[in-house]
1. Answer yes or no: is there a residue in region 42-56 that is out of contact with any helix residue (DSSP H, G or I) (no Cβ under 8 Å at 6 or more places or on another chain), modelled with pLDDT of 90 or more and part of a strand (DSSP E or B).
2. Out of the residues in region 57-67 meeting the condition of being at pLDDT 85 or above and within 12 Å of K114 (Cβ to Cβ), tell me which one is surrounded by the most Cβ atoms within 10 Å (Cβ to Cβ).
3. If R124 satisfies all but one of (1) of a type in the set (D, E, K, R); (2) touching an Asp or Glu at 6+ places or on another chain (Cβ under 9 Å); (3) at pLDDT below 95, what's the number of the condition it fails?
4. Suppose we filter region 99-115 for residues that are more than 17 Å from V79 (Cβ to Cβ) and in contact (Cβ under 8 Å) with a residue 60 or more places away in the chain; how many remain?
5. Only one of (1) at pLDDT 95 or above; (2) touching a helix residue (DSSP H, G or I) at 6+ places or on another chain (Cβ under 9 Å); (3) surrounded by 17 or more Cβ atoms within 10 Å (Cβ to Cβ); (4) not aliphatic (A, V, I, L, M) is not met by T89, so which one is it?
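The values are calculated or read from the model by the stated rules, or taken from the named source; none is laboratory data. Keep in mind the model is a prediction, meaning the values are calculated, not measured. Neighbour counts are summed over all protein chains in view; Cβ atoms, including those assigned to glycine, are modelled from backbone coordinates with ideal geometry.
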Amino acid sequence: MHGTEGYLAGSLLIAMPSMGDTRFEQTVVYVCAHSDEGAMGLIINRSMENVAFSDVVEQLDIEGSGAVPDIEVHAGGPVETGRGFVLHTTDYQHESTMPVADGIALTASIEILKAMVEGRGPRRSLLALGYAGWNAGQLDQELRDNAWLVAPADPDLIFSSALETKWQRALGKLGVDVSMLSGAAGHA
C-alpha cells in the first residue's frame, strides 16, 4: 500500500465483473486521496464522448498561440462532471498542485490547462472531467463487498492512450485473467 497505512492514495481500483453500479462497470480508478473522511479518484479508462480538448479550451476562454494540442478528455467520474482535473507527472508544479504518490500529482486549476495549451505543461498527463467520490467508510465497505480489486499504479498504465485495454492490463498486474473472475470472491 502507498501513503498512510490502510489508505489507498496512489493505488488503482479495478472494478470487479460483479460491480453492480453501471457507472463503474469495467473501470480502473486512480485513487488521488483516501482518508478516514472518504476517498476521491479519477476513472482513467473512459473517454468523454463528443468532448474535445479544444472544446474545453474554448469554453474556458484560454488563449494560446498556434494549434490546440489534441488531448483526450476522460470521464473521470459521476461527481462534478463540469469540473476539470489533470493527473500528471511531477515535472509540472503549481501552487494548487497536490502530490499523490510515486511521481504523480493532481492539479485542478485553469493554470495547468493554459500551460498544456502553450506546450509547457507536464510531460505526461490525463485530463478528466468529473471524479469518483466516496463518503467516510464507503470505499472500505465496497472493498469488503468485493466490488473492487486493488493494484499498484504505474505511469505507463495511468497515462496510456489505449483505454479499451486498461482494465484487462490492470487485472494482469495482479496476475488475474479476466475469464477466471467470478462474481464473488471465495471466503474460507
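1. Yes, that holds for at least one residue.
2. Residues of region 57-67 that are at pLDDT 85 or above, as a first pass: 57-62.
Imposing the further condition that a residue be within 12 Å of K114 (Cβ to Cβ) reduces the set to 57, 60-62.
Numbers: V57: 19, L60: 12, D61: 7, I62: 17.
Step by step, filter region 57-67, then rank; the result is V57.
3. (3) is the only condition that R124 fails.
4. The initial filter retains those residues of region 99-115 that are more than 17 Å from V79 (Cβ to Cβ), namely 99-105, 107, 109-115.
When the remaining residues are screened for being in contact (Cβ under 8 Å) with a residue 60 or more places away in the chain, the result is 100-102, 104.
Residues flagged as more than 17 Å from V79 (Cβ to Cβ) and in contact (Cβ under 8 Å) with a residue 60 or more places away in the chain within region 99-115 amount to 4.
5. (3)
Residues checked against (1) in contact with a Phe, Trp or Tyr (Cβ under 8 Å, 6 or more places away or on another chain); (2) in a loop (DSSP other than H, G, I, E, B):
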{"position": "P69", "(1), (2)": "yes, yes"}
{"position": "T81", "(1), (2)": "no, no"}
{"position": "Y92", "(1), (2)": "no, yes"}
{"position": "L106", "(1), (2)": "yes, no"}
{"position": "L143", "(1), (2)": "no, no"}
{"position": "N146", "(1), (2)": "no, yes"}
{"position": "V150", "(1), (2)": "no, no"}
